[in-house]
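Take a look at the structure below.
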Number of protein chains: 2
Amino acid sequence: MSLTLYERQAKDGWRPSPFCWRTRFTLAHKGLTPDVVAIGFTEAERIAFSGQGKVPVLVDGERVVWDSWSIAGYLEDTYPDQSSLFGGNGGRELARMLGHWVDATLQPALAGVLAPALYDILDAEDQVYYRRTREARWGMTFEEMRGKRDSYLAAISPAYEPLRLRLAEAPYICGEKPAYGDYLVFGVFQWARCTDPQDLIPAKDAELRAWRSRMLDLFGGLARSVPAFESAA
Amino acid sequence: MSLTLYERQAKDGWRPSPFCWRTRFTLAHKGLTPDVVAIGFTEAERIAFSGQGKVPVLVDGERVVWDSWSIAGYLEDTYPDQSSLFGGNGGRELARMLGHWVDATLQPALAGVLAPALYDILDAEDQVYYRRTREARWGMTFEEMRGKRDSYLAAISPAYEPLRLRLAEAPYICGEKPAYGDYLVFGVFQWARCTDPQDLIPAKDAELRAWRSRMLDLFGGLARSVPAFESAA
């Protein structure tokens with residue numbers, strides 16, 4: 001069966017979307033290798049067949065699934081013989097809860113820095129669209145956001161605290177081996193290292209950095225296969 | 001076998017400890033009814049047999065277990081035939097992660113309000129000890145903390161956001177039925193309703209309040225069996 005993943009592309013080859021990285025790792029966890037189709041911010045019509053305009057979209061034969069969480073559930077149910085993403089139903093429920101924490105707390109903590117930085121890795125056409133939509137969402141210009149960078153940076157650290165506690169006791173969010181909970185969190189840090197030249201994990205957070213390195217090594221260095229800023233190795 | 005839970009008591013009958021409530025619900029989930037022994041803040045010597053000074057402490061026959069997380073793991077492993085607390089190993093790992101979020105984000109968000117309020121529900125002897133230790137920890141007097149109450153209150157809402165997202169889609173944190181993840185979170189709100197006269201879940205958070213009501217109804221109204229402020233029903 002053909003397996004195709006539609007994912008967000010910034011400028012040529014740059015893949016910053018945290019949601020698409022969740023899905024990339026989810027597929028790799030299941031031992032699946034999709035054809036990857038890059039979609040720019042202004043190319044929503046290319047995924048109109050999915051009935052909506054957001055990536056990631058997965059096409060598995062005749063089945064179309066969109067939304068990273070729906071894709072994870074679909075893959076867990078459709079490929080049950082491969083390694084489990086969730087480790088049972090309790091893990092599946094709490095992975096959803098963890099995803100809400102990532103969406104509501106962790107990602108927003110970095111977004112003030114990363115939203116304007118992403119502008120710099122877009123092609124000119126996408127820049128126009130991206131600036132218009134994101135500045136409206138934030139209620140200020142990217143220049144104003146860059147002016148507040150230091151205060152955005154200062155507000156990041158508290159959001160890491162649950163990760164610090166977890167990674168002080170286990171090599172992965174999900175315990176001895178990585179699983180979907182790790183991919184949820186890693187997507188955020190891959191978004192960061194593919195978007196901003198500054199490493200948003202400070203040197204003092206050695207355990208968090210070490211976890212990120214382990215995540216970067218997974219699946220043959222999957223997350224290292226795209227352009228990124230070297231500072232966040 | 002005799003089963004005894006040592007838990008924190010404030011003034012006569014008042015049981016505010018979020019950690020002890022985790023354990024109360026954990027035991028009830030397993031269908032276990034312990035003898036409950038109340039321990040005041042200045043009575044650490046009564047649990048010295050556990051080798052440390054914090055509650056909850058569980059004594060199951062000859063086995064002594066302390067720390068709410070260790071107790072949960074012990075009960076899951078020792079009573080595997082009763083309803084699972086975690087729903088599999090993946091759920092157990094992510095329950096630990098959720099607990100870190102509760103400890104590092106949710107509880108601290110309410111602590112600025114609740115730490116000085118707890119003083120008012122203590123006996124005179126415990127008040128002396130509690131004020132000395134907590135004021136040292138916070139680096140300010142309870143009176144100074146009460147002066148900052150409005151700013152503490154204003155900072156609570158963002159910490160609820162992952163809970164809002166979860167309870168908009170499921171009746172419990174753990175899905176269709178309550179489990180350990182719910183007890184972790186509920187302990188915080190039981191601490192609040194047993195400590196401060198103001199309901200710390202605002203009326204606009206109707207789904208969060210409805211979840212709390214469901215939790216209060218569990219196990220024959222276990223959490224309603226102790227004194228609390230009526231405002232947070």
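Shortest first, in nm, what separates the label point of A:R164 from those of the same position in the other copies (7 Å along Cα→Cβ)?
With the label placed 7 Å along Cα→Cβ, A:R164 yields 2.6 nm.
Is chain A best put as rounded, prolate or oblate by its Cα gyration tensor, with a ≥ b ≥ c the root eigenvalues, rounded for a/c under 1.5, and otherwise prolate when a/b is larger than b/c, oblate when not?
Working: a/c = 1.74, a/b = 1.10, b/c = 1.58.
Oblate, since a/c reaches 1.5 and b/c is not below a/b.
With θ taken as phi - 60° and the coefficients 6.51, -1.76 and 1.60, list the Karplus ³J(HN,Hα) couplings across segment B:116-126 in order, rounded to whole Hz; mark glycine and proline as x.
x, 5, 4, 3, 6, 10, 9, 6, 4, 5, 5
Kirkwood hydrodynamic radius of the protein assembly as shown from all distinct Cα pairs, in Å? Intermediate results must be reported in sequence, preceding the final value.
Details: mean 1/r = 0.0417 Å⁻¹.
Mean inverse Cα-Cα distance, inverted, gives 24.0 Å.
In whole Hz, what ³J(HN,Hα) sequence does segment A:152-159 give by Karplus (6.51, -1.76, 1.60; θ = phi - 60°), x for Gly and Pro?
Going residue by residue, I get 4, 4, 5, 8, 6, 3, x, 5 Hz, with x marking Gly and Pro.
How far apart are the A:G221 label points across copies, placing each 7 Å from Cα toward Cβ, in nm, shortest first?
Here A:G221 shows inter-copy label distances of 6.5 nm.
P(r) for segment B:3-78, please, calculated from all Cα pair distances in 10 Å bins and given in %.
20, 59, 20, 1
Treat the count of other C-beta atoms within 10 Å as a stand-in for reagent exposure and order A:F41, B:F229 from fewest to most. Intermediate values should be presented prior to the final figure.
Details: A:F41 20, B:F229 16.
Neighbour counts put them in this order, fewest first: B:F229, A:F41.
Kirkwood Rh over Cα pairs of segment A:89-224 into Stokes-Einstein at 4 °C, 1.567 mPa s: D in µm²/s? Write down the numbers at each step before the final one.
Values: Rh = 16.1 Å.
In µm²/s, the coefficient is 81.
Residues with amide H under 5 Å of A:L122's amide H, sequence separation 5 or more or different chain, H placed in the peptide plane at 1.01 Å from N; which?
Excluding prolines and chain starts, which carry no amide H, the hits are A:K11.
Work out the FRET efficiency for B:K11 and A:A203 from their Cβ-Cβ distance, taking R0 = 60 Å, and round it to the nearest 0.05. Each step should come with its number before you reach the end.
Working: r = 47 Å, r/R0 = 0.79.
Plugging the Cβ-Cβ distance into 1/(1 + (r/R0)^6) gives 0.80.
Pop out the ³J(HN,Hα) list for segment B:97-106 in order, Karplus 6.51 cos²θ - 1.76 cosθ + 1.60 with θ = phi - 60°, rounded to Hz; leave Gly and Pro as x.
Coupling constants for segment B:97-106: 4, 4, x, 5, 5, 4, 5, 8, 10, 5 Hz.
Amide H neighbours of A:V37 under 5 Å, counting only residues 5+ apart in sequence or on other chains, H built in-plane at 1.01 Å?
Amide H to amide H, under 5 Å and 5 or more residues apart or across chains, A:V37 pairs with A:L5, A:Y6, A:E7.
With chain B rotated onto chain A, spot the residue of B whose Cβ lies nearest the axis and note the distance in whole Å.
Reported as residue, whole Å: B:G88, 1.
Place the label 7 angstrom along Cα→C-beta at A:R63 and in each other copy, then list the distances from the first to the rest in nm, shortest first.
Sorted ascending, the copy-to-copy spacings read 4.1 nm.
Taking springs between alpha-carbon atoms closer than 10 angstrom, which of B:V57, B:V102, B:V37 fluctuates most in the Gaussian network model of chain B?
B:V37
All of the numbers you see were taken from the coordinates with simple rules; none came from a lab. What you see is a predicted model, and the numbers here were worked out from it, not measured in a lab. Glycine also receives a Cβ, built like all others from the backbone with ideal geometry; neighbour counts cover every protein chain displayed.
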